[in-house]
Amino acid sequence: MRGILAIRPVPVGSPHRTTMFEIFFDLVFVFALTRVITFMAGSPSALALVQGLILLLLLLYSWGPYTWVGNLVRADVGLVRAATLVAMAAIFVAALVLPEAWQQSAELFDAPLTVALAYVVGRAVQLVILFRVSATDPPLRSTLRFFRVPVVLAWFPLVGGALLGDTAQTVLWIVALVVDIGGARIASAFRPWQLRSVDHFTERFGLVLIIALGESLISAGTGTRTMAPVGAAVLAALLGLASTVCLWWLYFDRLAPAARQAVGDAPDERRAGVAGDAYGLGHSPLIIGAIYVALGIEKVITQLTEEHPGRLGWEAATALYGGTALYLLSRLVFRRLTVHAVGPTQVVAALLPLALLPIGRSLPPLAALALLTAFLVGVTWYERRMDRRHSI
């Protein structure tokens, strides 16, 4: 342990790329995201969808600063690696109890308190690493003096909500997110972060999205859903795969490389701000949208196991079509903040799933998924034409 502490953080340069250790860390994080699907699928309701969103935001904004850490120093060396392993353990423990995140018990550390304390540990580890790194970096130390205030203040409503439970937990956890995310955004506006490697930063976010798409699809195709009639189950699985391929194509085919180039071409004094806005405001909702779509696909296949499936229902339709709308709208925000090319037709197309939601809700599950897939295929074809027109 003394040898680990003696190893000084190793600064990274502009050619730095994502390390295998960081990918391992991200896999644990994505596992936690898929556990949120389990939570929302367990008791599908409007409240469960909102509570699932709170959990997704807690996970995303506990993970995000580790991207900045890995952009400042190597995450796989010495104290930084040891501390990140502690954060990894905290995220893993939280993931184990996430499906019971609103179920209080007589245990000293019940599920809500475990989630809250795991979040506190993850954020505290970030601060420890960053303050260690900033020992020889006065601008970074100045940024941290602002950044630490909202981070620490958010811990009080988070733990308090876990202790109170029920509605108070929901309200106080929302307050914690507003303080943490909003305060951190204000702090970074006054004291911007440093962005040393554009390739590492953009690659890290892209890898998490592609892992989330893949893991979410796997999550939607396992378990008791295999009890569905073979023909219907295979068709639903293929439709789910086609929808996921469209979501992948809409981001990774042309937009992701163009966004990376746009961030790299930004002036040095604005580059970190451009990256923080694009990947903080635009990219995180992409992941949330993908998770909700996966939940919707899961509910479709689950209903196929029923003797008389009936109609899709509001909760599943909201996840399926609302998640798609969130993904498409977030993609446009991300596109606007990077390549600056967004047309009115693209905005209409991104909002169209919300108009289709009542129709999908009244259809049988398989038909509702087929309608969404046909829509995504059409949007993907149209976006490819737009990208070629704008030379993206």
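The values are calculated or read from the model by the stated rules, or taken from the named source; none is laboratory data. None of the values given here were measured: they were computed from a predicted structure. All Cβ positions, glycine included, derive from the backbone under ideal geometry; neighbour counts span all protein chains shown. In case anyone asks, the SASA skips ligands and DNA or RNA and just uses the protein heavy atoms, side chains included. Shrake-Rupley method; radii C 1.70, N 1.55, O 1.52, S 1.80 Å.
A few points about this structure:
- In a simple Cβ point-charge model (Lys, Arg +1; Asp, Glu -1; nothing else charged), the chain has a dipole of about 1120 debye relative to its Cα centre.
- Less than 5 angstrom separates the built amide H of Val73 from those of Val12, all sequence-distant by 5 or more or on a different chain.
- Rg over Rh, two decimals, the range 310-351 (C-alpha only, Kirkwood Rh): 1.15
- Estimated purely from DSSP H runs of n ≥ 4, each contributing -39500 (n - 2.57), the mean residue ellipticity at 222 nm for the chain is -25000 deg cm²/dmol once divided by its residues.
- Cβ-derived FRET efficiency at R0 25 Å, Leu207 paired with Arg145, nearest 0.05: 0.20
- For the range 122-215, the gyration tensor built on C-alpha atoms gives an oblate shape. Its axis ratio a/c (a ≥ b ≥ c) is at least 1.5, and a/b is not larger than b/c.
- The Rg/Rh ratio of the range 286-335, with Rg taken over Cα atoms and Rh as the Kirkwood radius over Cα pairs, comes to 1.11.
- Put a plus charge on the Cβ of each Lys and Arg, a minus charge on the Cβ of each Asp and Glu, and nothing anywhere else: the dipole of the range 293-342 about its Cα centre is then about 460 debye.
- With all protein chains kept in place, the per residue accessible area of the chain amounts to 42 square angstrom at a probe of 1.4 angstrom.
- Here the accessible area is traced with a 1.4 Å probe on the protein chains. For the chain, carbon and sulfur cover 68 percent of it.
- A convex hull fitted around the alpha carbon atoms of the range 287-392 yields 81 Å³ per residue.
- Overall form of the range 66-165: oblate. Here a/c, set by the Cα gyration tensor axes a ≥ b ≥ c, is 1.5 or more, and a/b is not larger than b/c.
- Cα centroids of the range 340-368 and the range 54-80: 34 Å apart.
- The value obtained for the chain, namely the Cα convex hull volume divided by the number of residues, is 139 Å³ per residue.
- Point-charge dipole on Cβ atoms (K/R +1, D/E -1) for the range 1-78, about Cα centre, debye to 20: 220
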